[in-house]
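The values are calculated or read from the model by the stated rules, or taken from the named source; none is laboratory data. None of these values were measured; they are calculated from a predicted model. For neighbour counting, all protein chains shown are included, and Cβ atoms are generated from backbone atoms with ideal geometry for every residue, glycine included. For the accessible areas, the whole protein counts, side chains as well, though only heavy atoms, and no ligand, DNA or RNA atoms are used. Shrake-Rupley method; radii C 1.70, N 1.55, O 1.52, S 1.80 Å.
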Amino acid sequence: MGVNSTTTVNKIQSGLPMSVASSPLEIHNVRLPPRRSTSQKLRQRLSDIFFPDDPLHRFKNQPSWLVKLMLGVQCMFPIFQWGPTYNLSLFRSDVISGLTIASLAIPQGISYAKLANLPPIIGLYSSFVPPLIYSLLGSSKHLGVGPVSIASLVMGSMLSETVSYTQDPILYLKLAFTATFFAGVFQSSLGILRLGFVIDFLSKATLVGFMAGAAIIVSLQQLKGLLGIVHFTSKMQIIPVLASVFKQKDEWSWQTIVLGFGFLAFLLITRHISLRKPNLFWVSAAAPLASVILSTILVFLLRNKAHGIAIIGELPKGLNPPSSNMLFFSGPYLALAIKTGIVTGILSLTEGIAVGRTFAALKNYQVDGNKEMMAIGIMNIAGSCSSCYVTTGSFSRSAVNYNAGAQTAVSNIIMASAVLVTLLFLMPLFYYTPNVVLAAIIITAVIGLIDYQASYKLWKVDKLDFLACMCSFFGVLFISVPLGLSIAVAISVFKILLHVSRPNTLVLGNIPGTTIFHNVNQYREALRIPSFLILAVESPIYFANSTYLQERILRWVREEEEHIKANNGSKLECIILDMTAVTAIDTSGIDTLCELRKMLEKRSLQLVLANPVGSVMEKLHQSNILDSFGLKGVYLTVAEAVADISSSWKAQP
């Protein structure tokens, strides 16, 4: 199957470096992995794919079914893990952080609902029910749950392309709730089926470009409110938005402009203060609510003079009304609701899990990704039945929650309680709240999504990632939000296919004084071995890349022969293929190795394999290809291959 029983050879080939040629080297057998049945292999593979974290390990070796039942309840409802040890000290911290994020959540909820082209009250409803459900099911201690800008923007842009929220508000509202339902179903399904890797196709580069483009579009859309424009385009591309701004100059209101830019400056200054001095986080956290209160008082006092300033108007008091009767599962708009739900579901899930893991890392605890998917999905399903739209973990809310000293998910319950009090008793106070302040709050929130430092880092590190980032950015700006995102995802998938179908192949040389072989371009001191061409393949060998690898290896051989001829070097006699990084191989890859060996043999060249991993070795053995390679065709290391083959040449007369 490979090498003979363990032997010792003297490496005295005169052309070898001293480290390989001057001392004896033990030659080892290349062994097959332990024999396993097909069902065992399948079970192991499925376990590695879907259960990498071994979620059932806590149930092993438990003394009774009662203990296992309790562990199961804790697994489904993480609140039962930390609930028994909860105390007054933790509660005090959670109350402070909960009230702090409530001061941010109330104005943000109203603002983000308008961003999604929904009634402002829907934003408050969405800041009440979902946080309560997440506090029972979520595994993050610091995640602040509620509406977020990106999901609001995408839902608003996708739905308004087909249905007008001004001409048919009831249908638009039904579509929003139905899309939220499907977002929740999709999210919870990913968690239950443990298919979280699906959201990994939204790479960091894609999200950086997408969020920056979306932030600019959102900010430009808010010029409608900042300038007091009544007739404004519903399109989400930069050119129509800017054209609408200057086309409607006669509608600009100086009172609105003064009020809007004044509060925008105030919000940006407070944000800058909190960024420069993190211990003053409460300054930017309290600024939105302070802006709402101050602007409402100002407009109320000037209500007889400031007729040009648009206000929110009357908001209904009371708890979330049920909306399950507004969900629909048939009709011409069902496909739109499903598509919107899936897109917003993926985006909100990506943001929520990323935010949860960020703050978990700061406090050295783990967030279970699959539990988070189920928690976020279930809260969106419940939210769709209680007049809420898509919600997830918000970075701004979570950052405030973390800095305010949150200890558990009880902070979400406190926040929801504050929203409940607002819904029951304080809604009339928002009557004179000007729309322009909501626009300023939205601009301040989304401007932080433009991460130019991350873009610069992408340019320095990976040009293809930077291309994906820019395609996402310009796609959102000039085409549309969903299409811009689709283009970026397509480029990310193309990048994956490119890496799979065009893997790296390297020429290896010996590091002097060692038996280590490394890339001759990376290590200039690495020496090529006369008469040998040592190549490394840095990927699995599949049907998608087998033809390319065959052509590339033959090209390496041709170039090596030309180099030898030009420099009057030793004749090329052996090609060693280092398979350390070849983690898998399929039948197409095996056929390629067989064909390659035959082609090289016709040119009087020997093909040798070095260090095939267990699964690859098993498949090579089962395909009987090892018989054609012979006893000196497979070695444990490159050094052993060079030593043994060199000795056999030396022994020949």
(Q) Can you find, within the range 604-653, the residue that is farthest from Ile27 (Cα to Cα) among those that are charged (D, E, K, R) and in contact (Cβ under 8 Å) with a residue 40 or more places away in the chain? (A) Glu618
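Yes/no matrix, rows are residues, columns are (1) β-branched (Val, Ile, Thr); (2) touching a residue at least 40 places away in the same chain (Cβ under 8 Å):
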| position | (1), (2) |
| --- | --- |
| Asn412 | no, yes |
| Tyr432 | no, yes |
| Val437 | yes, yes |
| Ser455 | no, yes |
| Lys463 | no, no |
| Pro482 | no, yes |
Q. Quick check: is even one residue across the range 592-609 out of contact with any Lys or Arg (no Cβ under 6 Å at 6 or more places or on another chain), open to solvent by less than 80 Å² (accessible area, probe 1.4 Å), under 21 Å from Asn545 (Cα atoms) and assigned to a loop (DSSP other than H, G, I, E, B)?
A. no
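Can you tell which of Asn567, Asn545 is of a type outside the set (Ser, Thr, Tyr), open to solvent by less than 20 Å² (accessible area, probe 1.4 Å) and farther than 19 Å from Ser628 by Cα?
Asn545
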Q: Considering only the range 104-159, state which residues are farther than 27 Å from Met236 by Cβ and part of a helix (DSSP H, G or I).
A: Val129, Pro131, Leu132, Ile133, Tyr134, Ser135, Leu136, Leu137
Q: Tell me, please, whether a residue that is open to solvent by 20 Å² or more (accessible area, probe 1.4 Å), touching a residue at least 12 places away in the same chain (Cβ under 8 Å) and polar (S, T, N, Q) can be found in the range 418-426.
A: no
Q. If you go through the range 198-232 one residue at a time, how many are among the β-branched types (Val, Ile, Thr) and open to solvent by 30 Å² or more (accessible area, probe 1.4 Å)?
A. 3
Q.
For the range 476-507, give me the residue count where each residue is open to solvent by 60 Å² or more (accessible area, probe 1.4 Å) and basic (Lys, Arg).
A. 1
Q | Of all residues in the range 252-267 being at pLDDT below 85 and open to solvent by 40 Å² or more (accessible area, probe 1.4 Å), the one that is nearest to Phe473 (Cα to Cα) | A | Trp252
Q: Would you check if there is a residue in the range 440-452 being modelled with pLDDT under 85, open to solvent by less than 50 Å² (accessible area, probe 1.4 Å) and within 18 Å of the chain's Cα centre (by Cα)?
A: yes
**Q.** All helices (runs of 4 or more DSSP H) inside the range 423-521 with 1 or more residues being touching a strand residue (DSSP E or B) at 6+ places or on another chain (Cβ under 8 Å)
**A.** 435-446
Q. Is it fair to say Leu349 is over 26 Å from Leu56 (Cα atoms), out of contact with any Gly (no Cβ under 7 Å at 6 or more places or on another chain) and either hydrophobic (A, V, I, L, M, F, W, C) or modelled with pLDDT of 95 or more (or both)?
A. no
Q) For the range 81-93, does any single residue satisfy the condition of being open to solvent by less than 30 Å² (accessible area, probe 1.4 Å), over 20 Å from Leu426 (Cα atoms) and in contact (Cβ under 8 Å) with a residue 60 or more places away in the chain? A) no
Q. Of all residues in the range 326-352, how many are more than 16 Å from Ala399 (Cβ to Cβ) and part of a helix (DSSP H, G or I)?
A. 18
Q.
Which count do you get for residues in the range 508-541 that are buried (at least 17 other Cβ atoms within 10 Å of the Cβ) and of a type in the set (D, E, K, R)?
A. 1
Q.
Which numbered condition in (1) of a type outside the set (Phe, Trp, Tyr); (2) in contact with a helix residue (DSSP H, G or I) (Cβ under 8 Å, 6 or more places away or on another chain); (3) on the phi > 0 side of the Ramachandran plot is the only one that Leu577 fails?
A. (3)
(Q) If Ser396 meets every condition in (1) in contact with a strand residue (DSSP E or B) (Cβ under 9 Å, 6 or more places away or on another chain); (2) open to solvent by less than 30 Å² (accessible area, probe 1.4 Å) apart from one, which number is that one? (A) (2)
Q. When you scan the range 281-307, how many residues do you find that are open to solvent by 40 Å² or more (accessible area, probe 1.4 Å) and part of a loop (DSSP other than H, G, I, E, B)?
A. 5
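Each row is one residue, and each column tells you yes or no for (1) at pLDDT below 85; (2) out of contact with any His (no Cβ under 8 Å at 6 or more places or on another chain); (3) among the hydroxyl-bearing types (Ser, Thr, Tyr); (4) farther than 27 Å from Gln40 by Cα.
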site	(1), (2), (3), (4)
Lys602	no, yes, no, yes
Leu605	no, yes, no, yes
Ile625	no, yes, no, no
Gly630	yes, yes, no, yes
Ser646	no, yes, yes, yes
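Name every residue in the range 151-197 that is of a type in the set (Ser, Thr, Tyr), surrounded by 24 or more Cβ atoms within 10 Å (Cβ to Cβ) and either closer than 30 Å to Leu467 by Cα or without any contact (Cβ under 8 Å) to a residue 12 or more places away in the chain (or both), in order of residue number.
Ser152, Ser157
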Q | Flag for Leu124 being crowded, with 24+ Cβ neighbours inside 10 Å and in contact with a helix residue (DSSP H, G or I) (Cβ under 7 Å, 6 or more places away or on another chain) | A | yes
Q) Looking at (1) open to solvent by 10 Å² or more (accessible area, probe 1.4 Å); (2) part of a helix (DSSP H, G or I); (3) out of contact with any Gly (no Cβ under 6 Å at 6 or more places or on another chain); (4) in contact (Cβ under 8 Å) with a residue 60 or more places away in the chain, can you tell me which one Ala360 breaks? A) (1)
Q. Looking at the range 205-212, is at least one residue over 30 Å from Cys75 (Cβ atoms), assigned to a helix (DSSP H, G or I), among the β-branched types (Val, Ile, Thr) and modelled with pLDDT of 85 or more?
A. yes
Q | First in the range 236-248 and part of a loop (DSSP other than H, G, I, E, B), second anywhere and among the charged types (D, E, K, R), Cβ under 9 Å, 6 or more apart | A | Met236/Glu161; Gln248/Lys224
